[in-house]
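See structure below.
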Amino acid sequence: MYKYVLRRVLLAVPVLLLSSVIVFGLMRVMPGDALVALMGESGNIGERELAKLRKDLRLDLPYHEQYALWVWQMVTLRPGDSLFTGEPITTSLKKAIPVTLELAALAMILGIVIAVPIGVLSATRQDTPSDYVGRVVAVSGLSLPDFWLGTLVITFAAIWFHWIPPIGYVSLWDAPWRNLQQFLLPAAVLGYRLAAATMRMTRSTVLEVLREDYVRTAWAKGLEGRIVVYKHALKNALIPVVTIIGGQLGVLLAGTVVVETIFALPGMGRLTVEAILFRDYPVVQTNVMLVAGTLVTLNLLVDLSYAWLDPRIRYR
Amino acid sequence: MATVTARPAALEEVPASAVEISRTRALWHALRRQPLGAASAALIALIVLTAIFADVLSPYDPLETRPEIRLAQPSWEHPFGTDDIGRDVFSRIIHGSRISLWVGLLAVGIGTAAGMVIGLLCGYCEGRLDLIFQRVMDAIQAIPALVLALAIVSVLKPSTTNAMIAIAIVIIPGNSRIVRGAVMSAKQNRYVEAAQAIGCRHPRIILSHILPNVTAPILIIASIWLGNAILIEATLSFLGVGTQPPTPSWGLMLSSTGRAFMEQAPWLAIFPGLAISLAVLGFNLFGDTLRDAWDPRLRNTR
């Protein structure tokens, strides 16, 4: 087990390095640079000042030195300052991470709480009307664009209920009620998509497991239906479901980009998109690596959770 | 089934053509029996026909502006209303189907082809090549797809074609992995071993013995990806880095006018979104049908 974890961690290092090269490379070949964007903001700057600025920001170094410098900054956890606002990246991250984390966690909870029971219901009542409804709801969740759903939710909340989510982000600890008002709708929009994928997977694996011998034995012993389904079948059906949820984390994080934009939440997604548009290299690079690192770690945790769900699984 | 399958005369060709016949049959059977499958085929047919005959079907020129009837409500003359500069939304949605389909088909085509080549090579050769390629794929997948697509489009400058390229790149890793898995299991077959034993060359083994095993998963994944590609194109256009105005693209229509006028003229947001949803729904359901008909084992891939 420890060996397995160690090997996975060692494998993750080249993957993250490669990701960093991709991001670094993409940012460098992007046309236009942050300084030009900055100039547009603050009027004209002379050629000499520009050169000085470039030197201050170490943008005059050759690419490989810039890259090495950046990797060192990442390793020592000192990502530097935003080119655009001059704010230390750690400061803006401290503000943005809780927003995205709360959004993602809420979406995930909503998604799972909705998806698993409906998936089980859909499987135990296969080919009944409730199964069809469940499946159509699930496949629509995968088809409705989240930016459309978000826009509609805001519009109709405003038209029908004359209700607009409070503007100006407040943290959960300062004003829990106001904060929840801001987060519930976006989390529901995000959660629906996650729920859709999870629901489909739960349905198909529960269907499979229900045909296994030990489930028949459980029925034969005269166990109650609820116990057979939830205690015997569901736990073994959960492995692919956990994989799907793990795989959806990337989708979830991408979804935050759109949903944060629509609902005006100052999270990681919006920060990254704005940074890409402003060519704010350090911010983009840091954010993407942070997300990539999180995804790699979560995937490892997902893989490790298999052993807990199914003790027959051993890691080599 | 009670019908007798016609057997080809040449023994050598039995596997490939028989597989093809049974696949077409299985798909036909599934489409006739499953209501959702039939609905998806109808939806796709509708969208494809709309895209082909867009010029004939649309009552107005999608680019023609008539400011005097701006933001008109849906009516008999303008079934989906008009936008902020008086363009007919119905005509724009009809023409938008071309962009969505075009981007979807090309992006998925390129992404699938590239993913297939990489997957075939990795799965067949294994070893060091496989290890390196798989790490590169891991690295691409570690970056959230939308962020990667956004960055790629920013590099290439926003346009429909570049959105398509970005989507194709995002598709490659997942596809290559599925093909690789299918190749590795196909390699276990006795006939592959036999082909190697009688000294067939690698390209021949790959093309005539392994490839036929991989086509079903590829087609299934491709049909599911089609829906997703349309969704990503719409999202990129929505964020302003995909199709550029004044070309009618569903995502762009939603973001530019749909959001700005959503309270005065909700139809500007509703109809393009509905069009995207129906198109994606059609391809998703079709992919499901294909999967159930051809390869129930693939159910766990998404």
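The values are calculated or read from the model by the stated rules, or taken from the named source; none is laboratory data. In this text the structure is predicted, and so the values were computed from the model without any measurement. Using ideal geometry, Cβ is built from the backbone for each residue, glycine included, and neighbour counts are taken over all protein chains shown. Areas reflect the complete protein model, heavy atoms only, side chains present, ligands, DNA and RNA absent. Shrake-Rupley method; radii C 1.70, N 1.55, O 1.52, S 1.80 Å.
Rounded, prolate or oblate for the protein assembly as shown? Axes are the square roots of the Cα gyration tensor eigenvalues, ordered a ≥ b ≥ c, and the cut-off for rounded is a/c under 1.5. Write out the running numbers ahead of the final one.
Numbers: a/c = 1.41, a/b = 1.21, b/c = 1.16.
Rounded, since a/c falls under 1.5.
Can you compute the FRET efficiency between A:L309 and B:E68 using 1/(1 + (r/R0)^6), with r the Cβ-Cβ distance and R0 = 51 Å? Round to the nearest 0.05. Before the final figure, lay out each step's value.
Numbers: r = 65 Å, r/R0 = 1.27.
FRET efficiency, A:L309 to B:E68: 0.20.
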Task: Average beta-carbon neighbours from other chains, 10 Å sphere, peptide B:131-140 - done: 5
Open item on the list: Using only Cα atoms and rounding to the nearest 10 degrees, what angle (0 to 90) does helix B:267-294 make with the longest principal axis of chain B?
Closed with: 10
TODO: Amide H neighbours of A:D81 under 5 Å, at least 5 residues apart or on other chains, H built in the peptide plane: list them.
DONE: A:I89
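Order A:Y2, A:Y67, A:Y281 by their accessible area, 1.4 angstrom probe, all chains in place, largest first.
On the way: A:Y2 195, A:Y67 50, A:Y281 20 Å².
Solvent-accessible surface, decreasing: A:Y2, A:Y67, A:Y281.
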Task: Top positive-direction residue, dipole computed over chain B with Cβ charges, set B:I205, B:V241, B:I178 - done: B:I205
Task: Cα principal axis extents for the range A:185-316, largest first, Å - done: 65, 39, 16
Open item on the list: Using a 7 Å offset from the Cα along the Cα-to-Cβ direction at both A:L277 and B:I198, what is the distance between the two label points in nm, to one decimal?
Closed with: 6.3
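For chain A, what is the relative contact order in percent, using Cα pairs closer than 8 Å and at least 6 residues apart in sequence?
Working: 318 pairs, mean separation 85.8, N = 316.
For chain A, the relative contact order is 27 percent.
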Task: Table column - 3J(HN,Hα) (Hz), the range A:72-84, Karplus curve with 6.51, -1.76, 1.60, x for Gly and Pro - done: 4, 4, 5, 5, 8, 6, 10, x, x, 10, 5, 5, 8
Task: the range B:101-302: translational diffusion in µm²/s, Stokes-Einstein, Kirkwood Rh over Cα pairs, 20 °C, 1.002 mPa s - done: 117
Task: Gain in span if fully extended, A:T76 to A:A105, counting 0.36 nm per residue against the direct Cα distance - done: 7.6 nm
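What total accessible surface area, summed over both chains, is buried at the interface between chains A and B, computed with a 1.4 Å probe and given in Å² to the nearest 100? If you can, show how the numbers build up before the last one.
Values: alone 18240 and 16070 Å², together 30240 Å².
By this definition, chains A and B bury close to 4100 Å².
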TODO: Give the accessible area for A:W72 in Å² (nearest 10); use a 1.4 Å probe, count only protein heavy atoms, and leave out ligands, DNA and RNA.
DONE: 150
Open item on the list: Placing +1 on the Cβ of each Lys and Arg and -1 on the Cβ of each Asp and Glu in chain A, which of A:G86, A:F263, A:V99 has its Cα farthest towards the positive end of the resulting dipole?
Closed with: A:V99
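From the helices alone, meaning DSSP H stretches of at least four residues, give me the mean residue ellipticity at 222 nm for chain A, per-run term -39500 (n - 2.57), in deg cm²/dmol to the nearest 500.
Numbers: 12 runs with 239 residues, N = 316.
After summing the helix terms and dividing by the residues of chain A, the value is -26000 deg cm²/dmol.
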Open item on the list: Restricting things to Cα coordinates, could you compute the convex hull volume per residue of the range B:9-155 in Å³?
Closed with: 217
Task: Heavy-atom SASA rank of A:D303, B:D55 (probe 1.4 Å, accessible area, largest first) - done: B:D55, A:D303
Open item on the list: I need the calculated FRET efficiency for the pair A:L11 and B:A45, taking r as the beta carbon distance and R₀ as 56 Å, to the nearest 0.05.
Closed with: 0.75
TODO: Please determine, in degrees from 0 to 90 and to the nearest 10, the orientation of helix A:281-309 with respect to the longest principal axis defined by the Cα atoms of chain A, where the helix direction is its Cα long axis.
DONE: 20
- [ ] Please turn the phi angles of the range A:261-274 into ³J(HN,Hα) values with the Karplus equation 6.51 cos²θ - 1.76 cosθ + 1.60 (θ = phi - 60°), one per residue in order, whole Hz, x for glycine and proline.
- [x] 5, 5, 8, 6, 9, x, x, 4, x, 5, 4, 5, 4, 4
- [ ] State, to one decimal in nm, how far the label point of B:A260 lies from the label point of B:L131, with both points 7 Å from Cα in the Cβ direction.
- [x] 5.6
TODO: Give me a single rounded figure for B:262-275: the average over its residues of other chain Cβ atoms within 10 Å of their Cβ.
DONE: 3
- [ ] From other protein chains only, count the Cβ atoms within 10 Å of every residue's Cβ in B:150-159, then give the mean.
- [x] 5
- [ ] Report A:K231's accessible area, 1.4 Å probe, all protein chains in place, as a number in Å² to the nearest 10.
- [x] 150
TODO: Using the Karplus curve 6.51 cos²θ - 1.76 cosθ + 1.60 with θ = phi - 60°, work out ³J(HN,Hα) for each residue of the range B:160-177 in order, rounded to whole Hz, and write x for Gly and Pro.
DONE: 4, 4, 5, 4, 5, 4, 4, 5, 4, 5, 5, 6, 3, x, x, 4, 4, 5
TODO: Can you tell me the relative contact order of the range A:256-316? Whole percent, Cα pairs under 8 Å, sequence separation 6 or more.
DONE: 17
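In terms of solvent-accessible area of protein heavy atoms at a 1.4 angstrom probe, what is the ranking of A:L142, B:L63, highest value first?
Numbers: A:L142 10, B:L63 90 Å².
My answer, sorted largest first, is B:L63, A:L142.
Determine one quarter of the surface area of the Cα convex hull of the range A:155-201, which equals its mean projected area, and express it in nm² to one decimal.
Working: hull surface 17.4 nm².
If you wrap the Cα atoms of the range A:155-201 in a convex hull and average its projections, you get 4.3 nm².
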Open item on the list: Need one value: the accessible area of B:W28 in square angstrom, 1.4 angstrom probe, rounded to the nearest 10.
Closed with: 150
- [ ] Please work out whether chain A counts as rounded, prolate or oblate from its C-alpha gyration tensor, where a ≥ b ≥ c are the square roots of the eigenvalues and a/c under 1.5 means rounded, while otherwise a/b larger than b/c means prolate and anything else oblate?
- [x] oblate
Task: Top positive-direction residue, dipole computed over the range A:93-309 with Cβ charges, set A:I245, A:W173, A:I154 - done: A:I245
Open item on the list: What do you get for the angle between helix B:145-156 and the principal long axis of chain B? Use alpha-carbon atoms, 0 to 90 degrees, nearest ten.
Closed with: 70
